[in-house]
Amino acid sequence: MTRKLPIIAVATAPGRAGVGVVRISGQNLIALASALFQKKLSPRQANLLTLFDEHGHAIDQLIAIYFAGPASFTGEDVLELQCHGGPELLELVVKRCLALGKAEGLVIAEPGEFTLRAYLNGKIDLTQAEAIADLIDAQSEAAVRGAARSLQGAFSDDINNLIEEITQLRILVESTLDFPEEEIEFLENAQARQRLAAVKEKLNTLRAGAKQGKILRNGIQLVLAGAPNVGKSSLLNRLAGEEVAIVTPIAGTTRDRVKESITIDGVPMHIIDTAGLRDTADLVEAKGIERSWDSIRLADLVIFLTDAQSSDQPDDLKAQILQELPPKCAVLEVINKVDLLQDPHKSGSSEALLISAKTGMGIDQLKRRILETVGWDGLQEGAILARRRHLDCIERASEHIEKSEQFAVNGNNSLELFAEELSLAQKHLGEITGKLLPDDLLGKIFSQFCIGK
Ligand SMILES: Nc1nc2c(ncn2[C@@H]2O[C@H](COP(=O)(O)OP(=O)(O)OP(=O)(O)O)[C@@H](O)[C@H]2O)c(=O)[nH]1
Ligand SMILES: [Mg+2]
């Protein structure tokens with residue numbers, strides 16, 4: 001995880017483009033830079049140079065920029081080669097660099113290794129490192145903005161401010177521990193409870209923001225489920241705004257899952273249209289139905305679609321779906337084909353939404369209900385892009401703050417426990433920015449990056 005060898009990788013995406021960037025980072029790259037170009041590069045300047053192979057034939061004319069450490073992305077010396085963007089060409093450039101960097105031990109970078117070095121050298125903290133990956137993976141404009149804010153340090157600042165407030169409180173508590181007779185007075189004088197309440201409120205705001213950020217980052221797995229022929233594929237097409245799934249009047253049309261990603265109000269939705277659920281002797285259809293159940297088991301939200309005209313009672317199927325749902329997954333009941341009804345308002349339970357995938361009736365309300373059900377509050381100014389890991393740490397910190405509150409109330413002999421809970425809350429918050437992070441977790445986080453980052 002913490003090797004010191006110089007590393008190299010293509011930093012741009014695979015494929016052909018105008019420009020392709022090869023990045024090298026290491027503790028001392030002066031010798032390598034000279035070997036590559038037979039001249040000393042001036043740091044932070046664009047140098048137009050030609051790279052030659054071992055026979056003296058030109059490989060590419062490129063722009064080289066040399067960043068002397070620690071004033072670089074990784075904190076080490078960094079050499080960035082802006083070549084022409086062809087995959088074969090970039091491979092040749094990397095090969096040439098590897099050959100000339102052999103003496104210094106130049107190796108191909110592992111996924112996320114550049115960013116890991118930036119983190120280990122104190123150039124960025126862990127939330128900022130994660131924000132780099134999230135910025136690159138962002139699936140909507142709002143997600144880009146959220147990740148960019150985290151990269152600027154907005155999320156880390158919020159966390160660090162909270163940690164600082166808890167530290168102040170701990171200092172007060174711990175300095176009183178030596179004088180037990182003053183405990184009760186301390187709690188009053190230091191306004192411990194008010195300060196704790198303020199910490200709690202900030203933590204709640206942070207949690208609410210992080211929840212929104214998680215929705216924005218991961219999107220929602222939305223599964224369309226129901227009996228055959230109720231119009232699931234038609235609804236997918238309507239939501240996607242194009243004919244992605246085959247629609248026919250024949251029950252059992254959809255066999256395999258059809259996936260389409262859209263955004264609703266900037267929130268990424270990964271919609272999965274499934275095979276209609278029924279007992280069947282058809283082997284292919286049965287396999288498809290198995291996959292429908294698999295999708296339901298992984299959903300964030302299931303739309304249970306029924307047909308307004310059908311006389312079938314959907315209650316059994318609904319009960320079956322409810323049984324298979326993962327925790328925290330909601331079901332939205334939606335009745336389709338209301339365009340065929342004389343009086344749409346008479347149909348179904350009061351909660352079910354009435355739509356027509358064919359005419360588009362009720363689709364806007366459905367979109368609104370989807371966002372409401374998954375807990376999307378609308379985009380707040382200053383939203384950050386959070387991960388499951390962040391939310392878990394915030395939840396755990398909140399639990400310890402809640403517990404500490406009890407000890408602040410009881411007074412007698414509980415200041416030590418009060419201090420202990422505060423310190424645990426702090427520890428979990430520290431995990432978010434990486435100040436207090438187990439090594440194995442670090443490996444896990446950076447291994448999810450792609451090479452060249
Ligand atoms: N009138 C009307 N017909 C609809 C509506 N939605 C779907 N249909 C029709 O219902 C039939 C079945 O639609 P699909 O979208 O294929 O239904 P499905 O639920 O995907 O069916 P399976 O893939 O077999 O499970 C087609 O003939 C559609 O044109 C609607 O809102 N109104
Ligand atoms: Mg279908």
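The values are calculated or read from the model by the stated rules, or taken from the named source; none is laboratory data. Everything quoted here is computed from the prediction, not taken from an experiment. Cβ atoms come from the backbone with ideal geometry, glycine included; neighbour counts cover every protein chain shown. Side chains included, ligands, DNA and RNA excluded: accessible areas come from the protein's heavy atoms. Shrake-Rupley method; radii C 1.70, N 1.55, O 1.52, S 1.80 Å.
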Accessible area of the chain belonging to carbon and sulfur atoms, whole % at 1.4 Å probe: 50
Average accessible area per residue (Å²) across region 1-86 - probe 1.4 Å, nucleic acids and ligands excluded: 50
Span-like helix ranges in the chain, DSSP H, alpha carbon extent 30 angstrom or more, Kyte mean at least 0.0: 154-176
Alpha-carbon Rg/Rh ratio, for region 7-125, with Rh computed the Kirkwood way: 0.94
Dipole magnitude of region 279-374 about its Cα centre (Cβ charges: Lys, Arg +1; Asp, Glu -1), debye to nearest 20: 400
Alpha-carbon centroids, region 208-273 and region 1-59: separation in whole Å: 45
Charge sum, other residues only, whose C-beta stays under 12 Å from residue 29's C-beta, Lys/Arg counted +1 and Asp/Glu -1: -2
Intensity falloff of the chain expressed as log10 I(q)/I(0), Debye formula with alpha-carbon point scatterers, at q = 0.05, 0.07, 0.08, 0.11 Å⁻¹: -0.29, -0.55, -0.69, -0.99
Dipole in debye (nearest 20) - the chain, about Cα centre, beta carbon charges: Lys, Arg +1; Asp, Glu -1: 1560
Signed unit charges on C-beta, dipole axis of region 7-125, positive-most listed residue 46, 74, 107: 46
Structure-based [θ]222 nm, the chain - -39500 (n - 2.57) summed over DSSP H runs of at least 4, per residue, nearest 500: -14500 deg cm²/dmol
Mean Cα-pair separation over length for region 7-125, i.e. relative contact order, pairs under 8 Å, 6 or more apart, %: 30
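How large is the dipole of region 7-125 about the Cα centre if only Lys and Arg carry +1 and Asp and Glu carry -1, each at its Cβ, rounded to the nearest 20 debye?
I would put it at about 260 debye.
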Set 211/318; 259/287; 39/453; 427/453; 102/444 screened for pairs whose C-alpha atoms are more than 21 Å apart: 211/318; 39/453; 427/453; 102/444
GluC sites (Glu not before Pro), loop per DSSP, at most 12 other Cβ atoms within 10 Å - longest free stretch of the chain: 55-241
DSSP beta bridge pairing in the chain, given as percent antiparallel to the nearest 5: 60
